[in-house]
Amino acid sequence: MKAVDTHRRPIKDLRISVTDRCNYRCTYCMPLDEYTWIERAGVLSFEEITRLVGLFVHLGVEKVRLTGGEPLVRKDLEKLIARLTLLDGIRDLSLTTNGALLAEKAAILKAAGLRRINVSLDTLNAEKFKQITQRGNLEDVLAGVFAAQSAGLAPVKLNAVIIRGVNDDEILDLVEFARKNRFEMRFIEYMDVGNTNSWSLEKTVTKREIFQTIDARYSLREVGRQDGRAPAVDYQFVDGGGEIGIIGSVTEPFCCSCTRVRLTADGKFVTCLFAEQGYDLKALLRGGATDEQVCQAITGIWAKRDDRYSDVRWQTIQSGGYQAKARKKIEMITLGG
Ligand code: SAM
Ligand code: SF4
Ligand code: SF4
């Protein structure tokens with residue numbers, strides 16, 4: 001039973017928010033002190049997540065990413081990883097973390113079966129790091145990325161959201177840090193996720209600007225999108241210094257190849273990063289639904305999927321009418337970035 005949506009996009013990639021809690025309050029993601037948190041009893045257990053992942057794999061998912069909130073604040077996350085590695089059909093299992101707890105967790109995650117990891121690192125300036133994350137320490141994250149490398153997680157990709165006037169002066173510093181230490185940088189255009197950041201188009205440093213800044217110093221050759229559908233366009237350094245990726249979600253949207261589905265920590269199935277609501281799979285699981293009934297619910301929802309928010313946003317921006325706050329979106333911490 002394989003489903004395609006109204007634009008003939010199959011389900012291929014699953015992002016799971018294992019918790020909506022986070023030990024940071026990044027200004028571009030969840031700047032407020034408090035949110036309405038998912039209550040603990042409502043959070044999917046590892047058994048429930050594993051069962052759902054198995055069903056999604058049956059429906060075509062090949063790649064699974066664990067995220068949040070901050071996934072490493074979920075107790076015993078390695079036990080979930082160990083369970084997921086036993087499922088047939090997952091070609092790629094990855095994790096996105098802010099790195100705060102990675103130094104102590106990297107070897108445990110690797111032993112549980114994780115192969116690769118993405119760590120958010122927006123700046124190499126300790127003061128700026130504090131301002132952006134509101135709570136974090138740069139040193140902890142740097143210790144984390146090196147611990148991940150020593151533990152054998154490969155590749156270690158570093159995600160940086162580039163914001164004009166905040167860290168756009170550090171693009172080359174980040175590139176050089178990654179080249180020197182054999183990490184892979186992933187630059188991300190700043191997006192209007194959730195409802196609480198103070199996004200404006202002027203603050204988004206475009207994919208093109210990021211490319212030009214890097215290419216002027218280290219010539220780049222385009223490799224393309226992994227599997228033809230990954231959010232990042234990959235580039236190689238012509239001098240053999242490794243790879244980078246740039247994600248142009250705002251100015252070069254890629255909805256036409258979007259095969260991503262998201263699962264919130266409380267079991268909502270969400271078909272777009274900018275969705276207003278999800279579909280409650282937990283209620284089905286806890287109500288005793290069979291695997292077949294859950295699969296039917298998923299394929300039924302997917303078959304009606306019409307999402308192409310970023311395409312429409314870019315068209316609307318260009319015609320001058322985009323209102324970022326017009327839609328009440330699910331917060332990114334709930335959705336899984
Ligand atoms: N807490 C983990 C972390 O920070 O890596 C995982 C969750 S976080 C929501 C996942 C990714 O979303 C991170 O790489 C983060 O930089 C990115 N992100 C958050 N807010 C963003 C925004 N407004 N625009 C672009 N990317 C954003
Ligand atoms: Fe937390 Fe990650 Fe969002 Fe920062 S980007 S607030 S670390 S979930
Ligand atoms: Fe996919 Fe929605 Fe992002 Fe478009 S806006 S790429 S449909 S998640």
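Those residues that are in contact with a strand residue (DSSP E or B) (Cβ under 6 Å, 6 or more places away or on another chain), open to solvent by 30 Å² or more (accessible area, probe 1.4 Å) and in a helix (DSSP H, G or I), I need them from the range 278-337; list them, please.
Matches in the range 278-337: ILE301 only.
Could you identify the single residue in ALA107, ALA103 that is touching a helix residue (DSSP H, G or I) at 6+ places or on another chain (Cβ under 9 Å), open to solvent by 50 Å² or more (accessible area, probe 1.4 Å) and within 24 Å of CYS29 (Cα to Cα)? Can you show your working first?
Numbers: ALA107 fails: within 24 Å of CYS29 (Cα to Cα).
Testing whether each residue is touching a helix residue (DSSP H, G or I) at 6+ places or on another chain (Cβ under 9 Å), open to solvent by 50 Å² or more (accessible area, probe 1.4 Å) and within 24 Å of CYS29 (Cα to Cα) leaves just ALA103.
Only one of these conditions is not met by LEU95: (1) open to solvent by 40 Å² or more (accessible area, probe 1.4 Å); (2) touching a helix residue (DSSP H, G or I) at 6+ places or on another chain (Cβ under 7 Å). Which number is it?
Unmet condition: (1).
List every residue pair whose Cβ atoms lie under 9 Å apart, where the two residues are 6 or more positions apart in sequence or sit on different chains, the first residue falls within the range 179-193 and is acidic (Asp, Glu), and the second residue, located anywhere, is more than 14 Å from ligand 3 (Cβ to nearest atom) and part of a loop (DSSP other than H, G, I, E, B).
GLU184/PRO155; GLU184/GLY242; GLU189/VAL205; GLU189/THR206; ASP192/TRP199; ASP192/SER200; ASP192/LYS325
Would it be correct to say that LEU80 is in contact with a Ser or Thr (Cβ under 6 Å, 6 or more places away or on another chain) and of a type outside the set (D, E, K, R)?
On the way: in contact with a Ser or Thr (Cβ under 6 Å, 6 or more places away or on another chain): no; of a type outside the set (D, E, K, R): yes.
So LEU80 does not fit the description; no.
Going residue by residue through the range 227-235, is there one that turns out to be assigned to a loop (DSSP other than H, G, I, E, B), open to solvent by 40 Å² or more (accessible area, probe 1.4 Å) and within 16 Å of ligand 2 (Cβ to nearest atom)?
First pass over the range 227-235, keeping only residues assigned to a loop (DSSP other than H, G, I, E, B): 229-232.
Subset that is open to solvent by 40 Å² or more (accessible area, probe 1.4 Å): none.
The answer is no, given that none of the residues of the range 227-235 is assigned to a loop (DSSP other than H, G, I, E, B), open to solvent by 40 Å² or more (accessible area, probe 1.4 Å) and within 16 Å of ligand 2 (Cβ to nearest atom).
Does the range 3-23 include one or more residues that are within 16 Å of ligand 1 (Cβ to nearest atom), aliphatic (A, V, I, L, M) and in contact with a Gly (Cβ under 7 Å, 6 or more places away or on another chain)?
yes
Could you list, in sequence order, the residues of the range 11-52 that are within 14 Å of LEU77 (Cβ to Cβ) and either open to solvent by 40 Å² or more (accessible area, probe 1.4 Å) or more than 12 Å from ligand 2 (Cβ to nearest atom) (or both)?
Within the range 11-52, ILE16, ARG21, ASN23, VAL43, LEU44, SER45, PHE46, ILE49, THR50 meet the criteria.
Looking at the range 246-266, which of its residues are within 12 Å of ligand 1 (Cβ to nearest atom) and either open to solvent by 20 Å² or more (accessible area, probe 1.4 Å) or in contact with a Pro (Cβ under 8 Å, 6 or more places away or on another chain) (or both)?
Passing the criteria: ILE247, SER249.
Could you tell me which of the residues ARG65, ARG8 is of a type outside the set (Val, Ile, Thr) and open to solvent by 50 Å² or more (accessible area, probe 1.4 Å)?
ARG8
Return only the number of the condition from (1) surrounded by 18 or more Cβ atoms within 10 Å (Cβ to Cβ); (2) touching a residue at least 60 places away in the same chain (Cβ under 8 Å) that PHE269 does not satisfy.
With respect to (1) surrounded by 18 or more Cβ atoms within 10 Å (Cβ to Cβ); (2) touching a residue at least 60 places away in the same chain (Cβ under 8 Å), PHE269 is out only on (2).
Provide a single number: the residues in the range 33-67 that are assigned to a loop (DSSP other than H, G, I, E, B), under 20 Å from the mean Cα position of the chain (by Cα) and farther than 22 Å from LEU101 by Cβ.
3
Tally the residues that are closer than 18 Å to GLY248 by Cα and either of a type in the set (Gly, Ala, Ser) or more than 16 Å from ligand 2 (Cβ to nearest atom) (or both), restricting the search to the range 175-190.
Here is the first cut: in the range 175-190, the ones closer than 18 Å to GLY248 by Cα are 175, 184-190.
With the extra rule that they be either of a type in the set (Gly, Ala, Ser) or more than 16 Å from ligand 2 (Cβ to nearest atom) (or both), the set shrinks to 175, 184-185.
So the count comes out to 3.
The values are calculated or read from the model by the stated rules, or taken from the named source; none is laboratory data. No experiment lies behind these values; they were computed from the predicted model shown. Using ideal geometry, Cβ is built from the backbone for each residue, glycine included, and neighbour counts are taken over all protein chains shown. Calculation scope for accessible area: heavy atoms of the full protein, side chains included, ligands and nucleic acids excluded. Shrake-Rupley method; radii C 1.70, N 1.55, O 1.52, S 1.80 Å.
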